[in-house]
Amino acid sequence: MDEAELRRLLQNIPLRGIRYRETMTSTNDEALEWLEQGAPDASLVLTNNQTKGRGRMERQWVSAPEASLTFSLIVQPKTIMKALIPFYAPLSGLVICKALEQHVGLSPQMKWPNDVLLQGKKTAGVLTEAVWNESDCKGVVIGIGLNVAPVSLSDGGDFSLPVTSVNEVAGRELDRWHLLFWILDTFFRERAEIGSETFFGEWEHHLAYRGEKVSIIPPAGIPFTGKMLGINQNGDLRVELDDGTTKEIAAGDVHLRYDSGG
C-alpha cells in the first residue's frame, strides 16, 4: 500500500491530510509533532510497521507488520465543551465496536474505559493525547492499534487479558485497509454524538462484565471487588460493593479485571 493508493481508498472519507510511511516508531508521536506544526482537523497518520508504539499507562503496544492496523487521527474539538474531550477515547473504542458489528458481523465489547474485546480477549487498544495551549485545546491525537491477523502479543504491559485478532474470531481473512475505511467512516458519522445520551447508552451497552464481579486496583489505595453496574453521565464506572453501597470510579490509571472467582 503506497500513499497514492491509500488516498484513493479513503477518498470518500472527509480527511484533510494523510501521512503514510512503511515504517514508523509511533503514529501518535508523529501525529503530535504534526499537530504542533499546524495539522488540520481530520488528519491521519498511518504506518504498516510501528516499532515503538505506546499504550495506556506507558505500556508498550507491540504490533506486527501485515497483521495489525496502527494509525492515529488528529481532531481539533473546537465546537465541543472542554469537559467532553476525555470522551474521545471511549468514543473511539465504541467506533471500533460498531464497525466490527456492522461490517464483519462480530459482537465486540469494551473493557472500561476503551479497550475492545472479542470473545473476552483484547483485540484493540486506544491511546488519546490532548495538546493544550494554556486553557485552549490545540487538538487531540487518537491512536488506535487493532489486531487483524494473529499476533503473539499485543500489549506488553497488560497480562490480565489474553489477546486475539479479528481474523481469528471472524474465521476468515479480512482486508486491513477495508477495516481502516470502515472504522474511519464510522468515526466521522459518530463523532457528533460525543457526550450525548445516545453516546453514553451505546457505551454502557457495549461494556464487558456488566452485572459481573470485577476487581478494581487503584493507583494508590486498597484494591476492592464489586459488581459492575454500568457508567454514569461522567463516564465513571459504577460498582456495587459487598455492603450494597455504590462506588463510582473515574478512569485515571485504575486497573479493571474480571473476577472469575465471583
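The values are calculated or read from the model by the stated rules, or taken from the named source; none is laboratory data. If you're wondering where the values come from, they're calculated on a predicted model, not measured in any experiment. Please note: Cβ atoms are built from the backbone with ideal geometry, for glycine as well, and neighbour counts cover all protein chains shown. Surface accessibility is based on the protein's heavy atoms, side chains included, excluding ligands, DNA and RNA. Shrake-Rupley method; radii C 1.70, N 1.55, O 1.52, S 1.80 Å.
Some values worked out for this structure:
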read-out: Added length on full extension, which subtracts the Cα-Cα distance from 0.36 nm per residue, Thr246 to Ser135; value: 36.6 nm
read-out: Sites matching GluC sites (Glu not before Pro) across the range 60-140 that sit in DSSP coil, with at most 12 neighbouring C-beta atoms within 10 Å; value: Glu66, Glu134
read-out: When each of Lys121/Lys247; Lys98/Lys122; Lys52/Lys122; Lys78/Lys111; Lys52/Lys121; Lys111/Lys247 is checked by Cα-Cα distance, pairs over 24 Å; value: Lys121/Lys247; Lys78/Lys111
read-out: Residue with peak Gaussian network fluctuation, the chain [Cα springs, cutoff 10 Å], from Gly221, Gly143, Gly38; value: Gly221
read-out: The chain - convex hull of the alpha-carbon atoms, volume per residue in Å³; value: 129
read-out: Dipole in debye (nearest 20) - the chain, about Cα centre, beta carbon charges: Lys, Arg +1; Asp, Glu -1; value: 160
read-out: Accessible area of the chain belonging to carbon and sulfur atoms, whole % at 1.4 Å probe; value: 46
read-out: Probe 1.4 Å, protein heavy atoms only - accessible area per residue of the range 1-132 in square angstrom; value: 42
read-out: Once the Cα gyration tensor of the range 1-143 is diagonalised, semi-axes √(5λ) in Å; value: 22, 20, 16
read-out: Residue among Ser107, Pro150, Ser165 farthest towards the positive dipole end of the range 85-184, charges placed on Cβ; value: Ser107
read-out: Principal-axis tilt of helix 88-104 within the chain, Cα atoms, nearest 10 degrees; value: 80
read-out: C-alpha long axis of helix 176-190 to longest principal axis of the chain, angle in °; value: 70
read-out: Stretchable slack from Phe188 to Leu6, in nm (0.36 nm times residue separation minus alpha-carbon distance); value: 63.8 nm
read-out: Farthest toward positive dipole pole in the chain [+1 Lys/Arg, -1 Asp/Glu at C-beta], among Ile217, Gly120, Leu32; value: Gly120
read-out: The chain: most fluctuating residue of Ser215, Ser196, Ser26 per GNM, C-alpha cutoff 10 Å; value: Ser196
read-out: Average accessible area per residue (Å²) across the range 164-224 - probe 1.4 Å, nucleic acids and ligands excluded; value: 48
